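Only the coordinates and a few stated rules stand behind these numbers; no lab work does. Every value quoted in this text rests on a predicted model; they were computed, and no experiment measured them. Cβ placement follows ideal geometry from the backbone for every residue including glycine, while neighbour counts extend to all protein chains displayed.
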Amino acid sequence: MLEIEIKSPCDDLEGMERKLLARGAELLGEVAQADLYLSHPCRDFARTDEALRLRQEGDGVTLFYKGPKIDPQSKTREELSVDVPDPAAMKLILERLGFRPVAEVRKVRRNLGLGPVKVSLDRVAGLSGYVELEVQDLPVEEGRSMLLALMKELGLEGMERRSYLELLLEK
């Protein structure tokens, strides 16, 4: 799956939510997420711009692979995921293969839908608020243009291409 994403800092997530709802966005819910990022035993994911993480959301756990960014203006990248029915066994398998925990990113995310765009209002522990705009499986230029136009309509300024993990590790 191709994920086309733009992330922008936002100090007023409540105001942004009101603005989105006034534009016809649908509130999809709020979730707490804990992302455990893992390092590869033979490859430096920071250098290859990849990520492997286990995400706990409610009672479910999902394993995600994120490929290198393929667009210099957005966070467009391949994203693959699989539900993990036995998280303890999965962690043990990854450990046996040499993967090691790097850091955990915790956030509370409010999700909204605005047409084909998924909007996430994120409160990340240790960071400020962020708005993520995302579409999937569109041609890169079409998706990026759609997200940049919405970003402008919403009055969002500044684009952050670094992941929450990178931002936290830089602190």
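Odds and ends about this structure:
- Using alpha-carbon coordinates, inclination of helix 13-22 to the longest axis of the chain, degrees: 50
- Residues T62, T76, T48, sorted so that the one with the fewest Cβ neighbours within 10 Å comes first: T48, T62, T76
- Angle of helix 87-96 to the longest C-alpha principal axis of the chain, folded into 0 to 90 degrees and rounded to 10: 60°.
- Charge sum, other residues only, whose C-beta stays under 15 Å from D11's C-beta, Lys/Arg counted +1 and Asp/Glu -1: -2
- Entries in K7/K91; K66/K118; K107/K152 that, when Cα-Cα distance is taken, lie over 23 Å: K7/K91; K107/K152
- Computed from label points 7 Å out along Cα-Cβ, the spacing between L114 and E26 is 1.6 nm.
- Put in line by how crowded their Cβ is, counting other Cβ atoms within 10 Å and starting with the fewest, V105, V31 read V31, V105.
- Square roots of five times the Cα gyration tensor eigenvalues for region 2-170, Å: 28, 18, 15
- Net charge over other residues, Cβ less than 12 angstrom from the Cβ of D35 (K, R count +1; D, E count -1): +3
- Rounded to the nearest 10 degrees, the inclination of helix 140-154 to the longest alpha-carbon principal axis of the chain is 60 degrees.
- For region 2-170: relative contact order, % (alpha-carbon pairs under 8 angstrom, 6 or more apart): 34
- Protection proxy ranking of 123-135, 33-45, 79-91 - average other beta-carbon atoms within 10 Å, highest first: 123-135, 33-45, 79-91
- Helices in the chain, meaning DSSP H runs of at least 4 residues, each add -39500 (n - 2.57). Divided by all residues, the mean residue ellipticity at 222 nm is -7500 deg cm²/dmol.
- Candidate aspartates and glutamates for bridging to K19, where Cα separation is under 19 Å - those fewer than 8 sequence places away on the same chain excluded: D11, E30, D122, E132, E134, E153, E157
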